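First up is the structure itself, then whatever we jot down about it.
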Amino acid sequence: MALDGITLHHLVQELAPQLAGARIDKITQPEKEEIHLQLRSQGQSYRLLLNISATAARLHLSQTSKKNPASPPMFCMILRKHIEGGKILALEQLGLERIVLLTVQNYNEYGDLATLHLYLEIMGKHSNLILVDPQSGLILDGLKRYSHALSRHREVLPGRLYLAPPSQGKADPLASEEEWRTILFRDGLSEKVVDLLVRHYAGISPELAREIMTRSGLAQTITLDQCGDIDLSRIFQAYTLLANPAHTPPLEPTLYYQGAVKLTRPNPLPTAFTLLPFQQYQGLPAQSFPTLAEAVASFYQSKASSNTLEAKRGSLRKIIQEQLQHLHKKKGIYEDTLATAAKGLNYQRWGELLTANIYRLELGMKEIAAEDYNEESLPQVNIPLDPQLTGIENSQRYYRLYNKAKATIQKTTPLKDAVEEEIAYLNSVLLSLEQATVPSELDEVHKELIEENYLSGKHHGKHHGKPLAGEGKNPGQNKQKGKPHKNSKQGQGGKGAKDAKGAKQGAKQGSKQGSKADSPQPKIYFSSQNRPILVGKNNRQNDWLTLKKGRPQDLWLHTKNIPGSHVLIPLEEGEEFPDDATLEEAAALAIHFSQAKGSTLVPVDYTHVKNIKKPNAAKPGMVIYEKNWTLYLTPQEEIVERLLASEGEEMP
């Protein structure tokens, strides 16, 4: 949601009493379009964030300290010179425009008290932060400078006269329904009412206009000529409640989240913030806040964290995709070489046929038709000859070509296999990258790429054998759901469910190696039977979960020959298999956290941890197994959503 004029009004009304009289201790500019004012008032410290980015211009108090550049930018130095150490006299909004005025009193260079104005203009891509001397009306500086070449209305340059952004001519909140209707009917009757509300009335954003229509019980697409007298009265009542600050009820600031998100998860990303519960978002997960300032801060800080996360994800994705593009090119070259060499294997037969027909060969012959005695029908084979060579020399020539083709295949096949293994590995890393939801998970992928020499650009082309992530050398026999492998013991799925507490304790058993700070932290989910299911979100977590956390009797799952997460079901001593519901739900998670997400009848291999091995020098996340069973499953969306919502605390 944008910070519209109405919401900004209530936000300023909350912050003004808190900031009035505060001292500006320090000014920093951690980002190109963001200023932080560190304030102190009555023994308490605050951080006021002022941002002018095109998509997230705002102000709010922040608890987040960001890293500052080595040397402060010019505008930061100007602010430090004029208002650092000063006192905030007032914080106010200009009407219902998205312009906030911060009035600061400080001593000037002559030792006299002076008053300065700091304007925060929230106008999308034209947002700006401008320091003005109110005595002369001149601009001291702006965070964005521009001349008449960019704006015909005004220049934002030091020494120029400050002019407020041009007014949009919108009506201030109206208490008279008659006057309100008069303005509404200025344009054509075919206009949508929701568009007219945004166009003619101050402080209303498209989102707020949609809420007015929702509370009126009318469609968003309704036009003015489709509204009757009662409809217009209902719209005016909703307008008065939401867009007239004098009639707004006590605020109930709320954040809304899209879809089935669990609010206790790390860094859930909100989709909107509102000053009151909005009916248009009814049914979405919501979170209430005691103050609007806290809701706004939480919304934008979550958004900023998400943007940072996506920026890092994009950078790592580019590195992986460039490597994959290079590897696919190499694979294509190897495949072409092998295809050409495969054709040369026929030369052995030609050499043998020439040897068998050596008595028929004469110098100068260009071709000979010989019966192929390797086939029952004895077909005629036309063999080209070099007329300058004898029959024996022609035969030896074909043997040499055959040996060359054979040697090419023997040398190229391992290279092709190694490239395919590396492609499979990078695909697994790419999957881990896309599944990362918190910075720590991206950091683990980043660390893995450094350790494998991809990130620095000094990758040495190491190849660690043929096994792929989650792929066995000898997969064994598959089974459909409920049918155990013929060489295995019958599964014992009827042990009964443990209570939630016992299940969590079971999840914490296993290897004690490594501290919590040093160990990866796979995710833990709970089945419908309250049994823990552990999921690795990247190769580092996969290795730790399978090779260190997993006990020999625990059950391990992975999508068959498809990059994905390692999944673990902790089992009790003497328990060979979990209950069927837990097994199927663990398989559903294995599919969800794999490249097969969204597919049907996906094969999922499962076996006990004791059957899992990691070859020497194998890449992270790559293991092999000899004995396994295979479950074919089409995950049900509602089951997966319930499992994701059951996400528990990080593992110890």
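The values are calculated or read from the model by the stated rules, or taken from the named source; none is laboratory data. Since the model is a prediction, treat every value here as computed from it, not as a measurement. Cβ: placed from backbone, ideal geometry, glycine included. Neighbour counts: every protein chain shown.
With the condition being surrounded by fewer than 14 Cβ atoms within 10 Å (Cβ to Cβ) and among the hydrophobic types (A, V, I, L, M, F, W, C), I'd like the helices (runs of 4 or more DSSP H) fully within the stretch 148-245 carrying at least 1 qualifying residues. Full working, then the answer.
Working: elements: 177-184, 193-200, 206-215, 229-243.
The helices (runs of 4 or more DSSP H) meeting that bar are 229-243.
Taking the condition modelled with pLDDT under 95 and more than 21 Å from G5 (Cβ to Cβ), does A149 pass?
Considered against the rule, which asks whether it is modelled with pLDDT under 95 and more than 21 Å from G5 (Cβ to Cβ), A149 comes out as yes.
A304 - would you say it is at pLDDT below 95 and surrounded by fewer than 20 Cβ atoms within 10 Å (Cβ to Cβ)?
Yes; evaluated as a whole, the condition is true for this residue.
Consider the stretch 597-632. How many of its residues are farther than 25 Å from R540 by Cβ, crowded, with 20+ Cβ neighbours inside 10 Å and aliphatic (A, V, I, L, M)?
Residues flagged as farther than 25 Å from R540 by Cβ, crowded, with 20+ Cβ neighbours inside 10 Å and aliphatic (A, V, I, L, M) within the stretch 597-632 amount to 1.
To keep it simple, each residue is scored yes or no on (1) over 25 Å from A424 (Cβ atoms); (2) in contact with a Cys (Cβ under 6 Å, 6 or more places away or on another chain); (3) at pLDDT below 95.
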position: P563; (1), (2), (3): no, no, yes
position: G574; (1), (2), (3): yes, no, yes
position: L583; (1), (2), (3): yes, no, no
position: L589; (1), (2), (3): no, no, no
position: A596; (1), (2), (3): no, no, yes
position: D605; (1), (2), (3): no, no, no
position: A617; (1), (2), (3): no, no, yes
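Give the stretch 385-430 a look and list any residue that's in a helix (DSSP H, G or I), surrounded by 16 or more Cβ atoms within 10 Å (Cβ to Cβ), over 52 Å from the mean Cα position of the chain (by Cα) and of a type in the set (A, V, I, L, M, F, W, C), or say none.
Residue satisfying the conditions is L401 alone.
Considering each of I569, I591 in turn, give the residue that is outside the structural domain of L426 (by TED's automatic domain parsing), hydrophobic (A, V, I, L, M, F, W, C), within 19 Å of L534 (Cβ to Cβ) and out of contact with any Leu (no Cβ under 6 Å at 6 or more places or on another chain). Before you say what the answer is, go through the steps one by one.
On the way: I569 fails: out of contact with any Leu (no Cβ under 6 Å at 6 or more places or on another chain).
Among I569, I591, only I591 is outside the structural domain of L426 (by TED's automatic domain parsing), hydrophobic (A, V, I, L, M, F, W, C), within 19 Å of L534 (Cβ to Cβ) and out of contact with any Leu (no Cβ under 6 Å at 6 or more places or on another chain).
Could you grab me the full set of residues in the stretch 537-573 that are without any contact (Cβ under 8 Å) to a residue 60 or more places away in the chain and not in a strand (DSSP E or B)?
W544, L545, K548, R551, P552, Q553, D554, L571, E573
Across the stretch 515-536, what is the total count of residues that are of a type in the set (K, R) and at pLDDT 90 or above?
2
Residues I52, I27: which one is out of contact with any helix residue (DSSP H, G or I) (no Cβ under 6 Å at 6 or more places or on another chain) and within 16 Å of L131 (Cα to Cα)? Please lay out each step first, then the result.
Numbers: I27 fails: out of contact with any helix residue (DSSP H, G or I) (no Cβ under 6 Å at 6 or more places or on another chain).
Checking each option against the conditions leaves just I52.
Regarding the stretch 261-280, can at least one residue be identified that is surrounded by fewer than 17 Cβ atoms within 10 Å (Cβ to Cβ), of a type in the set (D, E, K, R) and in a loop (DSSP other than H, G, I, E, B)?
Yes, the stretch 261-280 contains at least one residue that is surrounded by fewer than 17 Cβ atoms within 10 Å (Cβ to Cβ), of a type in the set (D, E, K, R) and in a loop (DSSP other than H, G, I, E, B).
P134 - would you say it is under 17 Å from H117 (Cβ atoms), modelled with pLDDT under 95 and either touching a strand residue (DSSP E or B) at 6+ places or on another chain (Cβ under 8 Å) or of a type outside the set (S, T, N, Q) (or both)? Please lay out each step first, then the result.
Numbers: under 17 Å from H117 (Cβ atoms): yes; modelled with pLDDT under 95: no; either touching a strand residue (DSSP E or B) at 6+ places or on another chain (Cβ under 8 Å) or of a type outside the set (S, T, N, Q) (or both): yes.
Spelling it out, it is not the case that P134 is under 17 Å from H117 (Cβ atoms), modelled with pLDDT under 95 and either touching a strand residue (DSSP E or B) at 6+ places or on another chain (Cβ under 8 Å) or of a type outside the set (S, T, N, Q) (or both).
Keeping to the stretch 425-461, report how many residues are of a type in the set (A, V, I, L, M, F, W, C), within 16 Å of G564 (Cβ to Cβ) and modelled with pLDDT of 90 or more.
Residues flagged as of a type in the set (A, V, I, L, M, F, W, C), within 16 Å of G564 (Cβ to Cβ) and modelled with pLDDT of 90 or more within the stretch 425-461 amount to 6.
Does K303 fit the bill of being in the same structural domain as D372 (by TED's automatic domain parsing), of a type in the set (D, E, K, R) and under 34 Å from the mean Cα position of the chain (by Cα)?
In short, no.
List pairs: first residue in the stretch 406-425 and under 13 Å from K329 (Cα atoms), second residue among the small types (G, A, S) and surrounded by 15 or more Cβ atoms within 10 Å (Cβ to Cβ) anywhere in the structure, Cβ distance under 8 angstrom, at least six positions apart or on different chains.
none
How many residues, within the stretch 347-384, are outside any loop (DSSP other than H, G, I, E, B) and either without any contact (Cβ under 8 Å) to a residue 24 or more places away in the chain or of a type outside the set (S, T, N, Q) (or both)? I'd like the intermediate steps shown before the answer.
Of all residues in the stretch 347-384, those outside any loop (DSSP other than H, G, I, E, B) come to 347-356, 358-360, 367-371, 380-384.
From what's left, either without any contact (Cβ under 8 Å) to a residue 24 or more places away in the chain or of a type outside the set (S, T, N, Q) (or both): 347, 349-354, 356, 358-360, 367-371, 380-384.
Residues flagged as outside any loop (DSSP other than H, G, I, E, B) and either without any contact (Cβ under 8 Å) to a residue 24 or more places away in the chain or of a type outside the set (S, T, N, Q) (or both) within the stretch 347-384 amount to 21.
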